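For reference, the structure is listed below as structure tokens.
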Ligand code: SF4
């Protein structure tokens, strides 16, 4: 079998006889005969052992506001060095990052875990985020990087589809501090089968429980896909399950869908439906429900007991205004589930976006790594469609937030 990347030992697998191996990293639990690849394509059996070939192959690297992941209750107002590799264990027809997740060729820049951690410190980030494509399938590289980050006082976050096994959650425990789990269509099983090639969405609930059990900060997003996955009764059922099993304080983001990849016949989710969805989720008992991907929607965090404004958000900037240093409402003293950054009294008010949609040289990337003679970065992007990008731009400008756009294509 030909391989293109760095061949690295894989974790979480076992031999199952006849030279075959089973990968236990995600719920697909692929069984691979010799010289075969798993569903995600980057893990393969060679000589009765499991290897991965996307270790350290970086396809995107960017300094993002943590709110963009989104994390609203984890280090609000901080920045996170965000990285990705290629491929995915899902095949969502509407994937916004399909350039990465559908990708079967390994074309990226080899960057060591130490280099990533050093760059995050140099850029003033409080965390490293493993995002844009599914971090589960580059877990070896993510955890080696997380370990380097920990040595430097950084936190680590996963933006994941939640399809990792509980064994995988156990493997990352202690290194990954926060996870945003991206649910689609309110975890409706038919929707997952038809639109995402996922045979059994229910197993994700076991992963959510494992994340809670591991003590990892958890936020949930629910992408409502027009016509196919926007049924509010499914949302109601899922929100109730979250309250009953994970607790009423899990931040819950109802996200707007935009047509992309193979799903272009459905319009963006209507704002009216999203606002209704927010009320449904709140009605089930969730304390912190946000509508995402809609400029102008109220993104603030309020005290669920007295209504005091706790965190004010505009675009992707956040300002902590009503919390004490130990995370209590400054009016009524209610303990709020939020991890504050060390200097939260000095909120970030500027945003820096880097965007490249081509395989081209990137001055921003070079400055991040502090060198000028690096090979060209293969892929560098802002995971928003152009329409959404323009929409966000207009919204942010109207609020006089400082923007520093860096176009490199
Ligand atoms: S991580 Fe990849 S190889 Fe492993 S079970 Fe999931 S899809 Fe299969």
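None of the figures in this text is laboratory data; all of them are computed from the coordinates on show. Treat the numbers as computed from the prediction; the structure is a model and nothing was measured. Reconstructed Cβ throughout: ideal geometry from the backbone, glycine too, with neighbour counts over all protein chains shown.
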>> Run the Debye formula on the Cα coordinates of region 236-314, all scatterers equal and no solvent, and tell me log10 I(q)/I(0) at q = 0.20, 0.25, 0.27 1/Å.
In response: -0.94, -1.20, -1.27
> How are the Cα pair distances of region 8-52 distributed, in percent, across 5 Å bins from 0?
Replying inline: 5, 30, 42, 20, 3
>> Could you check the spin-label model distance between residue 240 and residue 122? Points 7 Å from the Cα along Cα→Cβ, value in nm.
In response: 5.4 nm
>> Relative contact order for region 8-52: what percent, with Cα pairs under 8 Å and sequence separation of 6 or more?
In response: 35 percent
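Treat region 199-283 as a sphere of radius equal to its Kirkwood radius over Cα pairs and apply Stokes-Einstein at 37 °C in a medium of 0.692 mPa s; give the translational diffusion coefficient in µm²/s, rounded to a whole number. Please list the in-between numbers first.
Details: Rh = 13.9 Å.
Rounded to a whole number, D works out at 236 µm²/s.
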>> Please arrange 29, 155 by how many other C-beta atoms lie within 10 Å of their C-beta, fewest to most.
In response: 29, 155
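Report Rg/Rh for region 34-124, rounded to two decimals, where Rg is the Cα radius of gyration and Rh the Kirkwood radius.
Using Cα coordinates only, the ratio equals 1.04.
Just rank 320, 7, 159, fewest to most, by other beta-carbon atoms within 10 angstrom. Mind showing how you got there, number by number?
On the way: 320 22, 7 13, 159 26.
Neighbour counts put them in this order, fewest first: 7, 320, 159.
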>> Order these by the 10 Å Cβ neighbour count, fewest first: 202, 222, 144.
In response: 202, 144, 222
